[in-house]
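> Before we start, here is the structure in question, set down as structure tokens.
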Amino acid sequence: MMIEILVLVISFIILLCIGVPVAWAIGISCLLTLSISIDSIPAFTTIAQRMGNGLNSFSLLAIPFFILAGQIMNQGGIAQRLITFAKSLIGSLPGGLIYVNVIAAMLFGAISGSAVAAASAIGGILGPHMEKENYSKEFGAAVNITSSTTGLVIPPSNVLIVYSLASGGVSIASLFLAGYIPGILMGLGLMLAASFWIKKKKYPSNPKSSAKQILISFLDALPSLLLLIIVIGGIVSGIFTATEASGIAVLYTLILAIIYKEITFNKLYRILLSSAGTTAIVMLLIATSMSMSWVMSFENIPQNVSSMLLGLSDNKYIILIIINLLLLFVGTFMDMTPAVLIFTPIFLPVLETLGINPVHFGIMMVMNLCVGLCTPPVGSVLFVGVGVAKTSIQKVLKPLLPLYLVMAIVLLLITYIPEITLFLPELFN
């Protein structure tokens with residue numbers, strides 16, 4: 001059994017180190033591991049079957065639709081309207097554009113369900129304004145990078161749908177409701193950290209928006225904000241499923257973009273092409289990750305890890321901190337989707353033994369991996385945020401440190417105070 005674990009882990013790490021794409025690294029390491037236990041030809045067919053079965057899920061249909069809806073929002077003028085609304089509310093505060101960045105990233109990230117899209121759209125629009133008003137480019141990029149990850153917790157979130165699949169069917173509606181308070185808490189924490197930097201730099205106040213300006217910007221952003229109410233309200237009330245909600249989100253955003261006159265036929269073609277490419281990458285990751293989950297189950301790896309962790313301690317607080325540290329480490333070199341699919345079947349049985357709610361663990365896990373999106377060497381949001389700001393990772397790392405600390409503190413609060421996560425799901429029963 002130890003040989004199989006070593007082959008799986010070492011082959012996967014070596015393949016990543018030599019630059020093999022994550023999906024292929026997962027598939028090849030699974031094949032090598034399974035070949036130890038059975039003949040090579042049955043190993044090939046078994047991996048192929050498991051990849052196919054891994055994608056045979058109705059709930060996964062929501063992912064390509066939410067990806068398409070996010071792409072339409074990114075190109076359809078929605079980000080600009082959300083920024084204008086946020087700026088009218090708090091843009092007059094000292095260093096107001098930093099706060100605007102956080103709020104706009106929370107709103108756009110939640111609506112689009114993509115941290116990369118939020119970092120690209122919000123950073124691309126606000127970056128030039130910040131530069132014009134002599135904000136630190138590096139700190140602005142750091143805030144944009146970290147705040148963009150809040151949209152992965154605030155629903156609708158593709159990652160939470162993936163977790164529902166990996167956990168064996170935890171309610172998507174419960175997960176969506178559970179993400180609101182942690183996501184908002186993370187945004188408030190980042191704004192608090194930013195306020196110390198703003199005070200240190202002594203940024204002046206900007207002219208305050210009138211009630212009329214606030215009302216106009218709110219009405220302009222209202223159709224975009226209504227999407228959250230329609231999607232989440234429909235799922236929670238049982239009017240439609242998450243998959244049906246994703247289709248409604250595409251139709252709604254497309255109509256909105258046409259009304260705003262932001263999308264032409266040529267642009268729509270490029271959006272569809274880009275969405276298809278992104279969907280293909282995500283689905284390949286899901287397929288290979290599901291095959292790895294099966295291989296680990298076949299080799300009894302989750303049971304061995306569970307026994308090992310419970311052998312270290314039967315104190316759930318100690319086990320939680322160990323799992324947190326492991327997930328933080330995993331998040332630095334692995335993308336979020338395969339990490340959720342691979343490590344949920346390993347850690348969830350351990351925590352359920354200790355009485356931890358799977359909804360609570362899902363939010364804790366996603367927030368853990370959000371930190372990894374902002375850290376080198378694989379942090380996709382870090383690279384996008386730095387690229388949009390036209391700066392370097394080395395320059396952004398220093399202002400990122402206090403924001404990492406905030407993310408860690410919020411993560412600890414969510415880990416050890418489950419009521420933060422479970423309050424809304426329990427309220428809505």
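The values are calculated or read from the model by the stated rules, or taken from the named source; none is laboratory data. What you see is a predicted model; the values in this text were computed from it and never measured. In this analysis, Cβ positions are derived from the backbone assuming ideal geometry, glycine residues included, and neighbour counts consider all displayed protein chains.
> Looking at the range 302-320, can you tell me whether even one residue there is within 22 Å of the chain's Cα centre (by Cα) and over 18 Å from Val159 (Cα atoms)?
The answer is yes, given that some residue of the range 302-320 is within 22 Å of the chain's Cα centre (by Cα) and over 18 Å from Val159 (Cα atoms).
> Taking the condition hydroxyl-bearing (Ser, Thr, Tyr), assigned to a helix (DSSP H, G or I) and touching a Phe, Trp or Tyr at 6+ places or on another chain (Cβ under 7 Å), does Ser217 pass?
When the stated conditions are applied, Ser217 passes them.
> Can you name every residue in the range 114-161 that is under 14 Å from the mean Cα position of the chain (by Cα), small (Gly, Ala, Ser) and farther than 13 Å from Ala104 by Cβ?
Matches in the range 114-161: Ser114, Ala115, Ser157.
> Does Pro418 qualify as being touching a Phe, Trp or Tyr at 6+ places or on another chain (Cβ under 6 Å) and of a type outside the set (Val, Ile, Thr)?
no
> Still on this structure, I have one more. Does Met308 satisfy the criteria of being assigned to a helix (DSSP H, G or I) and either over 28 Å from Ile67 (Cα atoms) or among the β-branched types (Val, Ile, Thr) (or both)?
In short, yes.
> Check whether at least one residue in the range 150-160 is crowded, with 24+ Cβ neighbours inside 10 Å, small (Gly, Ala, Ser), at pLDDT below 80 and within 20 Å of Ala339 (Cβ to Cβ), and report yes or no.
Yes, the range 150-160 contains at least one residue that is crowded, with 24+ Cβ neighbours inside 10 Å, small (Gly, Ala, Ser), at pLDDT below 80 and within 20 Å of Ala339 (Cβ to Cβ).
> Report yes if some residue within the range 29-40 is closer than 19 Å to Pro338 by Cα and surrounded by fewer than 22 Cβ atoms within 10 Å (Cβ to Cβ); otherwise report no.
Yes; the residues of the range 29-40 include at least one that is closer than 19 Å to Pro338 by Cα and surrounded by fewer than 22 Cβ atoms within 10 Å (Cβ to Cβ).
> Based on this model, can you work out whether Ile181 counts as in a helix (DSSP H, G or I), surrounded by fewer than 21 Cβ atoms within 10 Å (Cβ to Cβ), in contact (Cβ under 8 Å) with a residue 60 or more places away in the chain and within 23 Å of the chain's Cα centre (by Cα)?
Considered against the rule, which asks whether it is in a helix (DSSP H, G or I), surrounded by fewer than 21 Cβ atoms within 10 Å (Cβ to Cβ), in contact (Cβ under 8 Å) with a residue 60 or more places away in the chain and within 23 Å of the chain's Cα centre (by Cα), Ile181 comes out as yes.
> Name the single residue that is nearest to Phe44 (Cα to Cα) among those in the range 285-302 being surrounded by fewer than 19 Cβ atoms within 10 Å (Cβ to Cβ) and in contact with a helix residue (DSSP H, G or I) (Cβ under 8 Å, 6 or more places away or on another chain).
Going through the qualifying residues, I end up with Phe298.
> Name the pairs whose Cβ atoms lie under 9 Å apart, with the first residue in the range 209-236 and under 16 Å from Ser157 (Cβ atoms) and without any contact (Cβ under 8 Å) to a residue 24 or more places away in the chain, the second among the aromatic types (Phe, Trp, Tyr) and surrounded by fewer than 18 Cβ atoms within 10 Å (Cβ to Cβ), and 6 or more positions between them or separate chains?
Gly234/Phe240
> Turning to a different aspect of this structure: List, please: which pairs have Cβ atoms under 6 Å, are six or more places apart or on different chains, and start with a residue in the range 7-19 that is in contact (Cβ under 8 Å) with a residue 60 or more places away in the chain and end with one that is of a type in the set (Val, Ile, Thr) and part of a helix (DSSP H, G or I)?
Listed by first residue and then by second, the contacts come to Leu8/Thr33.
> Out of Ala104, Ala119, Ala115, Ala141, which single residue is under 24 Å from Phe361 (Cα atoms), in contact (Cβ under 8 Å) with a residue 12 or more places away in the chain and aliphatic (A, V, I, L, M)?
The unique qualifying residue is Ala115.
> Which numbered condition trips up Asn357, out of (1) of a type outside the set (Gly, Ala, Ser); (2) touching a Gly at 6+ places or on another chain (Cβ under 7 Å); (3) surrounded by fewer than 21 Cβ atoms within 10 Å (Cβ to Cβ)?
The failed condition is (2).
> I'm trying to understand the selection: among the residues of the range 332-344, which are more than 15 Å from Met364 (Cα to Cα) and assigned to a helix (DSSP H, G or I)?
Pro338, Ile342
> Out of all the residues in the range 192-221, which are within 19 Å of Leu256 (Cα to Cα) and surrounded by 12 or more Cβ atoms within 10 Å (Cβ to Cβ)?
Correct list: Ile216, Ser217, Phe218, Asp220, Ala221.
> Next question, about the same structure. Which condition does Phe343 not pass, out of (1) touching a helix residue (DSSP H, G or I) at 6+ places or on another chain (Cβ under 9 Å); (2) more than 17 Å from Val159 (Cα to Cα); (3) not polar (S, T, N, Q), if it passes all the others?
Going through the list (1) touching a helix residue (DSSP H, G or I) at 6+ places or on another chain (Cβ under 9 Å); (2) more than 17 Å from Val159 (Cα to Cα); (3) not polar (S, T, N, Q), Phe343 breaks only (2).
> Further, regarding this structure: Kindly provide the set of residues from the range 164-178 that are in a loop (DSSP other than H, G, I, E, B) and either touching an Asp or Glu at 6+ places or on another chain (Cβ under 8 Å) or at pLDDT below 85 (or both), ordered by number.
Gly168, Gly169
> Just one of Val386, Val396, Val406, Val371 is over 25 Å from Leu320 (Cα atoms), touching a Leu at 6+ places or on another chain (Cβ under 8 Å) and buried (at least 16 other Cβ atoms within 10 Å of the Cβ); which is it?
Val396
> Let me ask you something else. Considering only the range 269-276, I want to know if a residue exists there that is over 30 Å from Phe44 (Cβ atoms), among the hydroxyl-bearing types (Ser, Thr, Tyr), outside any helix (DSSP H, G or I) and modelled with pLDDT under 85.
Scanning the range 269-276 turns up no residue that is over 30 Å from Phe44 (Cβ atoms), among the hydroxyl-bearing types (Ser, Thr, Tyr), outside any helix (DSSP H, G or I) and modelled with pLDDT under 85.
> Every residue in the range 108-129 that is surrounded by fewer than 23 Cβ atoms within 10 Å (Cβ to Cβ) and in contact with a helix residue (DSSP H, G or I) (Cβ under 7 Å, 6 or more places away or on another chain), please.
Val116, Ser120, Gly124, Ile125, Gly127, His129
> Would you check which residues across the range 81-98 are surrounded by 21 or more Cβ atoms within 10 Å (Cβ to Cβ) and free of Cβ contacts under 8 Å to residues at least 60 places away in the same chain and list them?
Ile83, Ala86, Leu97
> Additional query: Quick check on my filter: what residues within the range 58-94 are modelled with pLDDT under 75 and not in a helix (DSSP H, G or I)?
Hits for the range 58-94 are Gly76, Gly77, Gly91, Ser92.
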